[in-house]
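Visitor: One structure, as structure tokens, below. Some questions next.
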Amino acid sequence: KEAKPVMIGQETTKVDVEIENTRILGTLTVNKIDTENQEKLKEAEFTLYNEKGEQVGEPQVSNEDGIAEFKGLAWGKYEVKETKAPQGYQLDAEAKPVTIGQKETAVSITVENSRILGALTATKVDADNENAPLAGAEFTLYKDGEPVGEPQVTGEDGTVTFADLEWGEYEIAETAAP
């Protein structure tokens with residue numbers, strides 16, 4: 001705090017002093033993590049809105065540490081929304097309410113994302129008749145040379161499906177003929 005000198009005396013019995021206040025601004029820190037393993041996620045975009053639904057400043061993108069920051073915020077109520085998910089993750093479009101005020105000038109929230117999972121379906125058909133599906137063929141899926149889950153056996157329609165797969169490269173092999 002800055003002191004202002006004031007002299008009260010015989011010639012100046014009343015003195016007017018103007019004192020300026022410095023506005024205390026707030027900061028919102030958004031921590032972006034993976035739902036499953038709590039890994040920090042980069043490249044998630046967040047947009048901040050005021051009480052009137054108006055965008056405040058520019059969207060912020062999470063860095064290598066999974067952090068996106070909004071600085072210099074006036075006291076008030078806000079909503080932060082994820083407007084772009086990291087590649088391979090589902091967007092969390094739910095608005096998160098945030099209040100910046102005297103008691104909380106530095107607010108931190110955590111937003112989690114779930115991975116988008118894929119599926120692989122293989123069809124076993126007769127070598128002499130592509131329209132004749134074969135039941136009873138066993139397939140094993142591999143990633144990095146290691147089996148992924150349990151082997152699957154084709155049904156009457158000749159298909160087998162491996163579900164809930166993380167993005168990446170896989171190999172599929174027939175491990176038992178029908």
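Visitor: Taking the chain as a Gaussian network, Cα atoms linked when under 10 Å apart, which of Thr12, Thr123, Thr83 shows the biggest mean-square fluctuation?
Guide: Comparing Thr12, Thr123, Thr83 in the GNM, the peak value goes to Thr12.
Visitor: Which residue, Leu134, Leu25, Ala68, has the largest displacement toward the positive end of the dipole of the stretch 1-139 when charges sit on each Cβ (Lys, Arg +1; Asp, Glu -1)?
Guide: Of Leu134, Leu25, Ala68, it is Leu25.
Visitor: First compute the accessible area of the chain with a 1.4 Å probe, then give the percent of it belonging to carbon and sulfur atoms.
Guide: Percent of accessible area from carbon and sulfur atoms in the chain: 45.
Visitor: For the chain, with a Gaussian network of springs between Cα atoms less than 10 Å apart, report the residue from Ala68, Ala132, Ala119 with the top mean-square fluctuation.
Guide: Ala132
Visitor: Another question, if that's okay. Show me, for the stretch 22-37, the HN-Hα J-couplings you get by feeding each phi into the Karplus relation (A = 6.51, B = -1.76, C = 1.60, θ = phi - 60°), rounded to Hz, glycine and proline as x.
Guide: 9, 5, 8, 9, x, 9, 10, 10, 10, 9, 9, 9, 6, 4, 6, 10
Visitor: Same structure again: Trypsin sites (Lys or Arg not before Pro), restricted to the stretch 80-178: which are DSSP loop and have at most 16 other Cβ atoms within 10 Å?
Guide: Those satisfying the criteria are Lys103.
Visitor: Put one equal scatterer on each alpha carbon of the chain, apply the Debye formula with no solvent term, and list log10 I(q)/I(0) at q = 0.13, 0.15, 0.17 1/Å to two decimals.
Guide: Values, matching the q order: -0.79, -0.88, -1.00.
Visitor: What value does the stretch 23-90 have for Rg/Rh, both radii from Cα atoms and Rh as Kirkwood defines it?
Guide: 1.01
Visitor: Provide the per residue accessible area, probe 1.4 Å, for the chain, rounded to a whole number of square angstrom.
Guide: Roughly 71 Å² per residue, with all protein chains present.
Visitor: How are the Cα pair distances of the stretch 100-171 distributed, in percent, across 10 Å bins from 0?
Guide: 16, 32, 21, 10, 8, 8, 5, 1
Visitor: I want to check the label-to-label distance for Gln102 and Asp164. Put each point 7 Å from Cα in the C-beta direction and report it in nm to one decimal.
Guide: Simple spin-label model gives 5.1 nm for this pair.
Visitor: May I pose another question? Assuming 0.36 nm per residue, please report the length gained on full extension of the stretch Glu58 to Val153 beyond their Cα-Cα distance.
Guide: Between Glu58 and Val153, full extension yields an extra 29.0 nm.
Visitor: How about Lys42: which lysines have a C-alpha closer than 21 Å to its C-alpha, ignoring those fewer than 8 places off in the same chain?
Guide: Lys32, Lys71, Lys81, Lys84, Lys96
The values are calculated or read from the model by the stated rules, or taken from the named source; none is laboratory data. Predicted, not measured: the structure shown is a model, and the values here were computed from it. Quick reminder, even Gly has a Cβ in these numbers, built from the backbone with ideal geometry, and neighbours come from all protein chains shown. With ligands, DNA and RNA removed, areas are computed over all heavy atoms of the protein, side chains included. Shrake-Rupley method; radii C 1.70, N 1.55, O 1.52, S 1.80 Å.
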